[in-house]
1. Pick from the range 120-136 the residues that are surrounded by 12 or more Cβ atoms within 10 Å (Cβ to Cβ) and aliphatic (A, V, I, L, M): which of them is nearest to W187 (Cα to Cα)?
2. So which of Y6, Y15 ends up being among the aromatic types (F, W, Y) and in contact with a helix residue (DSSP H, G or I) (Cβ under 7 Å, 6 or more places away or on another chain)?
3. Out of the residues in the range 173-200 meeting the condition of being among the small types (G, A, S) and surrounded by fewer than 16 Cβ atoms within 10 Å (Cβ to Cβ), tell me which one is farthest from A144 (Cα to Cα).
4. List pairs: first in the range 121-141 and in the same structural domain as S105 (by TED's automatic domain parsing) and in contact (Cβ under 8 Å) with a residue 40 or more places away in the chain, second crowded, with 17+ Cβ neighbours inside 10 Å and not in a helix (DSSP H, G or I), Cβ under 6 Å, 6+ apart or cross-chain?
5. Within the range 86-97, take every residue that is assigned to a helix (DSSP H, G or I) and not charged (D, E, K, R) and give me the one that is surrounded by the fewest Cβ atoms within 10 Å (Cβ to Cβ).
6. I need the full set of residues from the range 8-53 which are assigned to a loop (DSSP other than H, G, I, E, B) and touching a residue at least 40 places away in the same chain (Cβ under 8 Å), in order please.
7. Can you name the residue in the range 136-181 that is assigned to a helix (DSSP H, G or I) and charged (D, E, K, R) and is also nearest to C7 (Cα to Cα) among such residues?
Amino acid sequence: MTMKLYCFGESGNSYKAALPLALSGLDWTPVFVDFFKGATRTTEYRAEINDMGEAPVLLDGKVKLTQSGVIQDYISEKSGKFGGATPDERREILRWVLWDNHKMSSAAGMTRFLMNFLPEEKRPAEVIAFMQGRLKAAYATLDATLAKRDWLVGDGPTNADFSCCGYLFYTEPFGFSREDWPHLDAWLGRIEALPGWKHPYDLMPRA
């Protein structure tokens, strides 16, 4: 049975689920969620798809999963890929996934939204500057780790990498430039070289 991923191309959190699906070899298809027209806020979406009113959502038969980290874990369970080779690696992957959701993706998603998807006159300059400062600290943490290794955990790509790269392939301005972070740039290049890699706008439908 083909799995369905409710998602939209502008969503870095959706990309965190779509990318390992694409690289895993599992059978799946994207289902467009029209976030910018309020699809996730409708009564129907919350009742039938996700009571949290968010994307992504993965449907696999009777299994329904929300939150990108949970979906990544399920993909690893089904495919045997990207979940770590040992208990220590699995815990280290979880550490990075939690760090990303708290320190980087939440700030990147908000900053990118404020800078690109709000009318210009409604973009709060002080908030954006504050969030970019937090992001710079997160980039520095990630860059320092990747100065010492090719992948965040183990000897190959894992869900730690797919979580932390979720917003970094987008070209809309939000305070990240690959040329400013050479180790991040090299790491993103390694991800791009993986067989089956696609940019989020090529992997998922967009508004």
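The values are calculated or read from the model by the stated rules, or taken from the named source; none is laboratory data. Predicted, not measured: the structure shown is a model, and the values here were computed from it. Please note: Cβ atoms are built from the backbone with ideal geometry, for glycine as well, and neighbour counts cover all protein chains shown.
1. Ranking the candidates gives L135 first.
2. On the way: Y6 fails: in contact with a helix residue (DSSP H, G or I) (Cβ under 7 Å, 6 or more places away or on another chain).
That would be Y15, the only listed residue that is among the aromatic types (F, W, Y) and in contact with a helix residue (DSSP H, G or I) (Cβ under 7 Å, 6 or more places away or on another chain).
3. If we take residues in the range 173-200 being among the small types (G, A, S) and surrounded by fewer than 16 Cβ atoms within 10 Å (Cβ to Cβ), then G196 is farthest from A144 (Cα to Cα).
4. Taking only residues 6 or more apart or on different chains, the pairs are Q132/G175; L135/G175; Y139/W181.
5. P87
6. F8, G9, E10, S11, G25, L26, D34, I49, N50
7. D161
Listed here are the residues, each with its yes/no results for (1) in a loop (DSSP other than H, G, I, E, B); (2) among the basic types (K, R).
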position	(1), (2)
Y6	no, no
Q72	no, no
G84	yes, no
K103	no, yes
